[in-house]
Amino acid sequence: MAAGGSGEDAFQTFYTEVKQIEKRDSVLTSKQQIDRLLRPGASYFNLNPFEVLQIDPDATDEELKKRFRQLSILVHPDKNQDDPERAQQAFEAVDKAYKMLLDGEHKKKVLDVIQAGKEYVEHMVSQKKKQLKKDGKAIIVEEDDPEMFRQAVYKQTMKLFAELEIKRKEREAKDMHERKRQREEEIEAQEKVKRDREWQKNFEETRDGRVDSWRTFQAKGKTKKEKKNRTFLKPPKVKMEQRE
C-alpha cells in the first residue's frame, strides 16, 4: 500500500507540474511550447494527440486546423534557429498528432481510449459512493468537483495510453523476433539448397573419372585372377627300375 500511495503522490505532483506548465504555455511562446512537447515523459504524454495540440476532444475540424497552424508555426525550426534540433522534434510531434486526428479511424481509437478513461472514473466514483452509503457516511467524494473529476480522467486516460503503447511495443518486438527467426530459417534453407546443388554438380563432374578408375581397377583385378588360375602340366617323373 505504501508503494502504491507513493506512486499516486508522485503522479499527483507530476500532474500538478504539467498543468502549471500548460497554464504558463497558454501564452503560446515558441520556447515554452518546445519545452512542453519535449518535457520528461513526453514519449507517453504525447501519445494523446489532443494533449499534444492542447485542444478539447469535442473540437471541430476547423478548430483543429487552426490550432495546428498556431503550434506548427511556433515550433517550426525556421522560427527557432537558435535551437533547431529541439524545434524539429517538437514540430514532428505536432505534425504527427495532427495527422493522427485527420485519420478518421485513428481518431476514433483515440476517442475510444479517452471515453474508456472517463467511464472507468465514473465507475470508481459510483463504487466509492456505494461504499460510503453502506457505511452510513455522507455521500461526497472529491471527484464531485469538476476539476478533480477532469484530473482523474486525465490520469486514467494517460495510463490507458501508456498501457496500449507498452503492449504495442511488445507485439512489435515479438513480431520482429518472429520475422528474424523466419529469415534465419529461410537463409538456412537457401544455404542447404546451395550446398546440395554444389555437391550434385561436383558429383556429376567427377563421375566419368570415377567410372574410368573403377574400370581400370576391374581390369587389373581380372588380369591378376587369370594369372592366378593359369596352371602348367608337368611331365611325370620317371621311375627307375630296380634289378635283382
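Derivation of every value follows stated rules applied to the coordinates shown; laboratory data play no part. Everything quoted here is computed from the prediction, not taken from an experiment. A quick note on method: Cβ atoms are made from the backbone with ideal geometry, for glycine too, and the neighbour counts reach across all protein chains shown.
Close Lys pairs in the stretch 75-123, defined as Cα atoms under 23 Å apart and 8 or more places apart or on different chains, number 11.
Taking 7 Å steps out from each Cα toward its Cβ at LEU132 and VAL193 produces label points 7.1 nm apart. Computed over all pairs of different Cα atoms, the Kirkwood value for the hydrodynamic radius of the stretch 125-165 is 11.5 Å.
Given R₀ = 22 Å, FRET efficiency for ASP144-GLN115 by Cβ-Cβ distance, to 0.05? The pair ASP144/GLN115 has a calculated efficiency of 0.60. Using the average count of surrounding beta-carbon atoms within 10 Å as a protection proxy, the listed peptides 155-162, 168-175, 80-87, 104-111 rank, highest first, as 155-162, 80-87, 104-111, 168-175.
Could you give the length gained by full extension between LEU164 and VAL125, i.e. 0.36 nm per residue of separation minus their alpha carbon distance, to one decimal place?
In short, 11.7 nm is gained.
For the stretch 46-194, what does the relative contact order come out to in percent, with C-alpha contacts under 8 Å and a separation of six or more? Walk me through the numbers on the way to the answer.
Numbers: 90 pairs, mean separation 29.8, N = 149.
Computed value for the stretch 46-194: 20 percent relative contact order.
Note that the stretch 90-151, at 10 °C in a medium of 1.306 mPa s, gets a Stokes-Einstein diffusion coefficient of 112 µm²/s from its Kirkwood radius over C-alpha pairs.
What whole number of Å gives the distance from the Cα centroid of the stretch 132-152 to the Cα centroid of the stretch 85-102? Measuring centre to centre over Cα atoms gives 38 Å.
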